[in-house]
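The next block holds one structure in the form of structure tokens; read it before the comments.
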Amino acid sequence: MQNTKKAPNKGVRLLLIVFGGILAVMLLAAAALFVIPLTERVDAAPVAGSADWMAMLPDDVPLGELSIPGTHDAGTQYVQLGFFSKCQARSVGQQLEDGFRYLDIRLAVNGDGLGLNHGFCECRTGAAPWSDRLMLEDVLEDCYAFLSAHPTETVIFAVKQEHGDESVAESQRVLDRYIQEDAGRWYLDSELPSLGEARGRLVLLRRYNDEAGLGKNAGIALTWPNQNGYDDPARAFSSESCSVGSLTLAVQDRYEYDEEEKWAAFCAEADNPDAVALRFLSTKGHMTFGHPYRYAKELNPRLLALCENQDISLGWTVIDFGNARLASAIYEQNF
């Protein structure tokens, strides 16, 4: 009996090949976006005294005179599109235990609350795609618990509106509701406090204008011009100093520089010798959507070597993928 089945024609075979290629690309993209970030970790070894290092400092020292370690995009341990958006491998609570005292907090209105974001990517409470969104109350729970256990410390809570259609005023009002639930935990004055005034409290810094008119409850203004700056990679600090109350702050936040450009900007001296430096070591490179871990893996060892080989005044230093060893290298400059 004659076999009437026909072999697939060339068009069908070509379609199958194209479909297979697209599927392979999608699987590779999924690996890059979701699997690779799970492998991007840091040495989690503790450093003795990191949770209480401020206890060794006098009450009257101004916060602006200290070398303070900070974390860029502090809530991104688990974040959507982690290959491009993940900047930390430790939770906020772990960062505080490691010795970091400046938290870069990016918020977006989410219903009646505030969720953490990096750009349009939402931060999550776990690695699974179905994990709950990381909300401000989750972060504050960690901060309050840490300060209750370590009352000699303070947390500089630097807030930025990151995403969404809501106005700055609306974001402010929602944030204020959180704060007023436990207002005694916060320092909200317009001047940067001394360490003694700040112990056991969160110091609110805001990277936006007081559009809600909250006045003394708005926190301390901390704003500077955007510093993508790749059009002139020789630039380091902003051409405009910013004021934090009566304190002058020089900011270096060149987030589009490659490794060598970023290191040069980080090591540069501010034009104003009387200004306190706020230096970001974080960068995504020249790409529109970069890979922060790649740069942190190269730049963080340089920072560690710099701190361990000479006494320097770093000011406030904000990094990606921090750990206790890096935090201690920065805060040890105070001693």
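The values are calculated or read from the model by the stated rules, or taken from the named source; none is laboratory data. Small disclaimer: the values here were computed from a predicted structure and weren't measured. We place every Cβ from the backbone using ideal geometry, glycine too, and count neighbours over all the protein chains shown.
Residues in segment 191-201: is at least one in a loop (DSSP other than H, G, I, E, B), at pLDDT below 95, within 20 Å of residue 73 (Cα to Cα) and in contact with a Ser or Thr (Cβ under 8 Å, 6 or more places away or on another chain)? Within segment 191-201 (the criterion being in a loop (DSSP other than H, G, I, E, B), at pLDDT below 95, within 20 Å of residue 73 (Cα to Cα) and in contact with a Ser or Thr (Cβ under 8 Å, 6 or more places away or on another chain)), the answer is no, since none of the residues qualifies. Among residues of segment 311-334 that are farther than 22 Å from residue 291 by Cα, those with a Cβ under 7 angstrom from a residue that is in a loop (DSSP other than H, G, I, E, B) and of a type in the set (D, E, K, R), sequence gap 6+ or separate chain, pair up as 325/43; 333/311. Could you list, in sequence order, the residues of segment 269-318 that are in a strand (DSSP E or B) and closer than 20 Å to residue 88 by Cα? Listed by number, the residues that qualify are 278, 279, 280, 316, 317, 318. Checking residue 234 against (1) surrounded by fewer than 15 Cβ atoms within 10 Å (Cβ to Cβ); (2) assigned to a helix (DSSP H, G or I); (3) not β-branched (Val, Ile, Thr), only one condition comes out false. Which one? Here residue 234 clears every test but (2). Within segment 157-190, the residues that satisfy the criterion of being basic (Lys, Arg), over 21 Å from residue 58 (Cα atoms) and in a helix (DSSP H, G or I) are 173, 177. Residues in segment 138-148 include none that are over 30 Å from residue 191 (Cβ atoms) and either aromatic (Phe, Trp, Tyr) or in contact with a Lys or Arg (Cβ under 7 Å, 6 or more places away or on another chain) (or both).
Being surrounded by 17 or more Cβ atoms within 10 Å (Cβ to Cβ) and among the hydroxyl-bearing types (Ser, Thr, Tyr) holds for only one residue in 190, 171, and it is 171. Would it be correct to say that residue 302 is under 20 Å from the mean Cα position of the chain (by Cα), of a type in the set (Lys, Arg) and closer than 11 Å to residue 252 by Cα? No: the conditions fail for residue 302. Scanning segment 35-76 for residues that are of a type in the set (Asp, Glu) and in a loop (DSSP other than H, G, I, E, B) yields 40, 43, 59, 60, 73.
Considering 266, 280, the condition of being in contact (Cβ under 8 Å) with a residue 60 or more places away in the chain and either closer than 29 Å to residue 204 by Cα or in contact with a Leu (Cβ under 7 Å, 6 or more places away or on another chain) (or both) is satisfied by 280 alone. Taken over segment 80-97, the criterion of being modelled with pLDDT of 95 or more, touching a helix residue (DSSP H, G or I) at 6+ places or on another chain (Cβ under 6 Å) and surrounded by fewer than 24 Cβ atoms within 10 Å (Cβ to Cβ) is satisfied by 93, 97. Residues of segment 118-139 that are charged (D, E, K, R) and touching a helix residue (DSSP H, G or I) at 6+ places or on another chain (Cβ under 9 Å): 132, 137, 138. Restricting attention to segment 111-139, the residues that are surrounded by fewer than 19 Cβ atoms within 10 Å (Cβ to Cβ) and over 20 Å from residue 37 (Cβ atoms) add up to 4. One residue stands out among those in segment 203-231 that are part of a strand (DSSP E or B), free of Cβ contacts under 8 Å to residues at least 60 places away in the same chain and aliphatic (A, V, I, L, M): the one that is surrounded by the fewest Cβ atoms within 10 Å (Cβ to Cβ), which is 221. In segment 88-107, the count of residues that are closer than 19 Å to residue 294 by Cβ and without any contact (Cβ under 8 Å) to a residue 40 or more places away in the chain is zero. Inside segment 276-298, residues that are in contact with a His (Cβ under 9 Å, 6 or more places away or on another chain) and under 21 Å from residue 67 (Cβ atoms) make up a count of 3. Among the residues of segment 98-119, those identified as at pLDDT below 95 and either in contact with a Pro (Cβ under 8 Å, 6 or more places away or on another chain) or on the phi > 0 side of the Ramachandran plot (or both) are 111, 119.
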